[in-house]
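Before any comments, here is the structure.
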Amino acid sequence: MSWIREGELNLIEKLSANILKAGPMPKHVAFIMDGNRRYARKRQVERQEGHTQGFDKLAETLRWCLNLSIHEVTVYAFSIENFKRSKDEVDGLMELAKQKFIRLLEEQDNLEKHGVCIRVLGDLTLLPLDLQQHIARAVVATRTHNKCFLNVCFAYTSRHEIANAVGEMAWGVEQGLIKSSDVSEALLSRCLYSSNSPNPDLLIRTSGEVRLSDFLLWQTSHSCLVFQSVLWPEYSFWNLCDAILQYQLNHRPLQKARDQHREGQALQQHEADRACLADLLQHHGNGKPLDAQRRREALLNYTASREERVQDFLGALQHKRDSFLTDLTSQAALA
Amino acid sequence: MVHVYEFMWRVLHVLLHIHRTFITLFRIRLRNWNGQLWSRALAALLVPIALSFPKQKKLVPAPGKRVGRRYRWGADGKSLEKLPDHIGLLIAEEEPRYTDIANLVVWCMAVGISYISVYDNHGVFRRNNSRLMEEILKQQQELLGLEGSKQHSVEFLSNGTDKQDHQVLSCQSVVKVLSPDDGKLRIVQAAQELCRAVEQMEKTAKDINVTVLDSLLRESKTTPDPDLVLKFGPVESTLGFLPWHIRLTEFISLPSHVDVSYEDLFSALQHYASCEQRLGK
């Protein structure tokens, strides 16, 4: 399969993998695959060759992740900021992406056998139409697979993703599906492009840069961040093991921080529900104060109705997104 | 077979913890050592070993005296190729030491950084805002002296106050204390505000974009996003620090804020000065 290299680990690698797996393992790893151009300069080859080798390294890394039982991987393939690059380079990258997606569609049987689900996160409308159509076909074809997940961030920045999520919630309000008081951290998370994935446990950036460059800023607030100086096309199995080791060393304090945050969130939601209920009773109540029992019941009812509203809204949002992709695929079929 | 792997995993992690403890103890020893020349020579010898594993952008602090370079701090700042406009101090340790944090803030001011944010992920600094402010003013007197304190004035921003858009005087620094509520919660509040505007038909959903959201989340038109975050402590995470604002922020890790020295801060700033941002290009 072109996107996931075939092959198994050698003996020493297998031994190390088994030792690592005795401890807590990340279920979702995100990669910022940085360093392709510096690699090309170092090897004195064309930039485009650097990007091609970068893709091959991705295929190899996905194989290692599967060997390590890491079933979800998110990669930063192309940022909206990257459109600032020279026209030649951008066109080259779009062409590379097109070739890879076409190849992916040719390997549908293999994808089904391995249960690979491909998702593309980003503002697809910024891409050339033919690439949009190939992407849509790949995503729709693998939609129901559920053994492993590859999320490719293409035409993506985290700020756009968050602003888009807020826009979607505003659309929900416009459509009368939700109220502005229903907006919460949990709801925002479920309106992001990455709503079908859990937050990454581990974020790895290669090439020695120590910044996030507008990648998954919301989702990685409690993830383990590992910055490695190796250039992406030179990434090795041992680099990956090193990163996982870092994750294991940070596992307990991060788990604790995450749990604390979740508790805080639940408390905030509870308080918000109470405030909304109080507001409602003030405006629509008959003036008589409720006793504690009635108040508890009213609060439970309010929470249940809010959750129902939110579910309906999320259903409508998913439908909107699915329709966008199926429209693209039918366009492609007609073309 | 599984038990063998589990045993080997435990051995591996015990070794890693011993390695970590050894490095921490070594750093404390080095700091307490007064023989400057000797300790620098030893540090030079052992730095490669200390840095060999794990491979992170961590800095081994050089030993040095805290006071005594007071008059050089401003010059040091000017000598750097670039200085962050806004620095974040992320304390990822359980027991914060107010004096050490105050020292860091005062050194940042003296070196010429205009905006300084202090953050911890439990909201401890926010709750003890006044204590931290007092400590900063006290250390300012101690480290900069009376004259220096007059030259470097500091403005404290508490949550909810709008910073007036007056011109920031030269040598004036703005210190803000942050907590996780300034991160995701603030974004959610901005989202609620926008959705309310849509509910009241003052805006449409299509009006919402990055620029609109950014202007709501910006402290004031003049406050820049953090260019550099210094993270103190062993946990490798942002722990909820201002998710919206850190898209281009450089992260430099330092082992601990306890007994941190000016040299530790300055080597981090030197490191920052050598970072090259391509901004997508």
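The values are calculated or read from the model by the stated rules, or taken from the named source; none is laboratory data. Note that the coordinates shown come from a computational prediction; the quantities given were computed from them, not determined experimentally. Ideal geometry is used to build each Cβ from the backbone, glycine not excepted, and the neighbour counts take in all protein chains shown. What goes into the accessible areas is simple: the full protein's heavy atoms, side chains included, and nothing from ligands, DNA or RNA. Shrake-Rupley method; radii C 1.70, N 1.55, O 1.52, S 1.80 Å.
What net charge is computed for the residues neighbouring A:Asp273, neighbours being all others with C-beta under 15 Å from the C-beta of A:Asp273, Lys and Arg scored +1, Asp and Glu -1?
Details: positive: A:Lys179, A:Arg274, A:Arg295, A:Arg296, A:Arg306, A:Arg309; negative: A:Asp182, A:Glu185, A:Glu271, A:Asp279, A:Glu297, A:Glu307, A:Glu308.
Cβ neighbours under 15 Å give a net charge of -1.
According to the square roots a ≥ b ≥ c of the eigenvalues of the Cα gyration tensor, what is the shape class of segment B:169-281, taking rounded for a/c under 1.5, prolate for a/b larger than b/c otherwise, and oblate for the remainder?
On the way: a/c = 2.29, a/b = 2.08, b/c = 1.10.
Prolate, since a/c reaches 1.5 and a/b exceeds b/c.
How large is the convex hull of the C-alpha atoms of segment A:33-177 per residue, in Å³? Walk me through the intermediate numbers first.
Values: hull volume 19.8 nm³, N = 145.
So the per-residue hull volume is 137 Å³.
Taking the Cα centre of each part, how many Å lie between segment A:243-275 and segment B:258-281?
Segment A:243-275 and segment B:258-281 have Cα centres spaced 29 Å from each other.
Using DSSP to call loops (not H, G, I, E or B), can you name the GluC sites (Glu not before Pro) in segment B:190-224 whose Cβ has at most 14 other Cβ atoms within 10 angstrom? Write out the running numbers ahead of the final one.
Working: sites: B:Glu193, B:Glu199, B:Glu202, B:Glu219; in loops: B:Glu202, B:Glu219.
Loop-located and lightly packed - B:Glu202.
Quick one: accessible surface of B:Leu248, probe radius 1.4 Å, all protein chains present, in square angstrom to the nearest 10.
Surface open to solvent at B:Leu248 totals about 50 Å².
Buried by at least 40 Å² relative to the chain on its own: which residues of segment B:255-281 qualify, computing accessible area with a 1.4 Å probe on protein heavy atoms?
Buried-area filter returns B:Arg278, B:Gly280, B:Lys281.
With every atom except the alpha carbons ignored, what do you get for Rg and Dmax of chain A, in angstroms?
Considering chain A through its Cα atoms, Rg and Dmax are 22.7, 81 Å.
Using protein heavy atoms only (no ligands, DNA or RNA), what is the total accessible area buried between B and A, 1.4 Å probe, nearest 100 Å²? If you can, show how the numbers build up before the last one.
Values: alone 16690 and 17620 Å², together 29020 Å².
Approximately 5300 Å², summed over both chains.
So how far, in whole Å, is the C-alpha centre of segment A:173-209 from the one of segment A:76-125?
Using only Cα atoms to place each centre, the spacing works out to 22 Å.
Just give the residues from segment A:160-176 buried by at least 40 square angstrom of accessible area in the all-chains context relative to the isolated chain, probe 1.4 Å, and say none if nothing qualifies.
Buried by the other chains: A:Ile162, A:Ala163, A:Val166, A:Ala170, A:Val173, A:Glu174.
Under a 5 Å amide H to amide H cut-off, with H placed in plane at 1.01 Å, what residues pair with A:Thr74 once short-range neighbours are removed?
Close amide H contacts, sequence-distant or interchain: A:Val29, A:Ala30, A:Phe31, A:Asn151.
Mind checking A:262-271 for the average number of partner chain beta-carbons within 10 Å of each residue's beta-carbon?
1
Under a point spin-label approximation (7 Å from Cα along Cα-to-Cβ), what is the B:Arg131-A:Val90 distance to one decimal in nm?
Here the answer is 5.3 nm between the modelled labels.
Please work out how much accessible surface A:Met169 shows to a 1.4 Å probe, ignoring ligands, DNA and RNA, in Å² rounded to 10.
0 Å²
For the cross-link pairs A:Lys84/B:Lys221; B:Lys138/B:Lys221; A:Lys57/A:Lys98; B:Lys78/B:Lys150; A:Lys57/A:Lys100, which exceed 22 Å when the distance is taken from alpha carbon to alpha carbon? Display every interim value, and only then the final one.
Working: A:Lys84/B:Lys221 25 Å; B:Lys138/B:Lys221 30 Å; A:Lys57/A:Lys98 18 Å; B:Lys78/B:Lys150 20 Å; A:Lys57/A:Lys100 14 Å.
Violating the 22 Å limit, Cα to Cα: A:Lys84/B:Lys221; B:Lys138/B:Lys221.
Enter the accessible area per residue of segment B:172-248 (Å², integer; probe 1.4 Å; all protein chains in place).
Working: 2830 Å² over 77 residues.
About 37 Å² of surface per residue is accessible.
If exposed GluC sites (Glu not before Pro) are those in a DSSP loop with at most 14 other Cβ within 10 Å, what is the longest stretch of chain A that has none? Write out the running numbers ahead of the final one.
Values: sites that count: A:Glu6, A:Glu8, A:Glu46.
In short, A:47-335.
Under 5 Å between amide H atoms, partner at least 5 residues away or on a different chain: which partners does A:Gly208 have, H built in plane at 1.01 Å?
Correct list: A:Gln228, A:Ser229, A:Val230.
Within a 10 angstrom radius of each residue's Cβ in B:227-236, how many Cβ atoms of other chains show up on average? Whole number is fine. Can you show the working numbers first?
Working: counts 1, 2, 2, 0, 1, 0, 1, 3, 10, 13.
Other-chain Cβ atoms within 10 Å of each residue's Cβ, averaged: 3.
List the residues, sorted by chain then number, that are 5 or more residues from B:Val177 or on another chain and whose placed amide H is less than 5 Å from its amide H.
So B:Val177 has HN proximity to B:Val118, B:Leu157.
Once you've got the Cα coordinates, tell me which of A:Lys179/A:Lys320; B:Lys176/B:Lys206; A:Lys27/A:Lys147 are over 23 Å apart. Working shown, then result.
Numbers: A:Lys179/A:Lys320 19 Å; B:Lys176/B:Lys206 34 Å; A:Lys27/A:Lys147 12 Å.
Long pairs (Cα-Cα over 23 Å): B:Lys176/B:Lys206.
Can you give the accessible area of A:Trp238, probe radius 1.4 Å, in Å² rounded to 10?
Here the accessible area works out near 120 Å².
From the phi of every residue in segment A:294-311, what ³J(HN,Hα) in whole Hz does the Karplus formula 6.51 cos²θ - 1.76 cosθ + 1.60 yield, where θ is phi - 60° and glycine or proline is x?
5, 5, 4, 4, 4, 5, 4, 4, 4, 4, 4, 5, 4, 5, 5, 4, 5, 4
Through the Karplus equation 6.51 cos²θ - 1.76 cosθ + 1.60, θ set to phi - 60°, convert the phi angles of segment A:6-13 into ³J(HN,Hα) values in whole Hz; use x for Gly and Pro.
Along segment A:6-13, the couplings run 6, x, 10, 6, 7, 4, 5, 4 Hz.
Once you average over the residues of A:250-260, how many Cβ atoms of partner chains fall within 10 Å of each Cβ?
Values: counts 4, 0, 1, 8, 4, 0, 1, 8, 3, 0, 4.
If you average over the peptide's residues, the count of other-chain Cβ atoms is 3.
Determine the sum of side-chain charges near A:Thr303: Lys and Arg each +1, Asp and Glu each -1, restricted to other residues whose C-beta is under 13 angstrom from that of A:Thr303.
Details: positive: A:Arg274, A:Arg295, A:Arg296, A:Arg306, A:Arg309; negative: A:Asp182, A:Glu271, A:Asp273, A:Glu297, A:Glu307, A:Glu308.
Around A:Thr303, the charge tally is -1.
For A:Phe215, A:Phe324, write out the residues from largest to smallest accessible area, computed with a 1.4 angstrom probe and no ligands counted. List each step's numbers first, then the result.
Numbers: A:Phe215 0, A:Phe324 85 Å².
My answer, sorted largest first, is A:Phe324, A:Phe215.
Largest first and in whole Å, what are the equivalent-ellipsoid semi-axes of segment A:20-70 based on the Cα gyration tensor, each being the root of 5 times an eigenvalue?
29, 10, 8
Below 15 Å, Cα to Cα, which aspartates and glutamates can A:Lys256 reach? Residues fewer than 8 away in the same chain don't count.
A:Asp201, B:Glu93, B:Glu94, B:Asp120, B:Glu236
Normalised by the residues of chain A, what does the relative contact order come to in percent, with Cα pairs under 8 Å and at least six apart?
It rounds to 22 percent for chain A.
For segment A:4-46, what is the convex hull volume of the alpha-carbon atoms per residue, in Å³? List each step's numbers first, then the result.
Details: hull volume 6.5 nm³, N = 43.
Convex hull volume per residue, Cα atoms: 151 Å³.
Based on the Cβ-Cβ distance from B:Glu276 to B:Glu6, what FRET efficiency comes out when R0 is 60 Å, to the nearest 0.05? List each step's numbers first, then the result.
Values: r = 44 Å, r/R0 = 0.73.
The computed FRET efficiency comes out at 0.85.
For segment A:6-109, report the accessible area per residue in Å² (1.4 Å probe, heavy atoms, rounded to an integer). Working shown, then result.
Values: 4920 Å² over 104 residues.
With all protein chains present, segment A:6-109 gives 47 Å² per residue.
Rounded, prolate or oblate: which one fits segment A:209-335, using the alpha carbon gyration tensor with axes a ≥ b ≥ c (rounded when a/c is under 1.5, else prolate when a/b beats b/c, else oblate)?
Working: a/c = 4.02, a/b = 1.54, b/c = 2.61.
Verdict is oblate for segment A:209-335.
Considering every pair of different Cα atoms, what Kirkwood radius, in Å, is found for the protein assembly as shown? Before the final figure, lay out each step's value.
Values: mean 1/r = 0.0376 Å⁻¹.
Answer for the protein assembly as shown: a Kirkwood hydrodynamic radius of 26.6 Å.
Quick one: pull the percent of accessible area on the protein assembly as shown belonging to carbon and sulfur, 1.4 Å probe, ligands and nucleic acids left out.
Numbers: 15640 of 29020 Å².
Ligands and nucleic acids excluded, carbon and sulfur give 54 percent.
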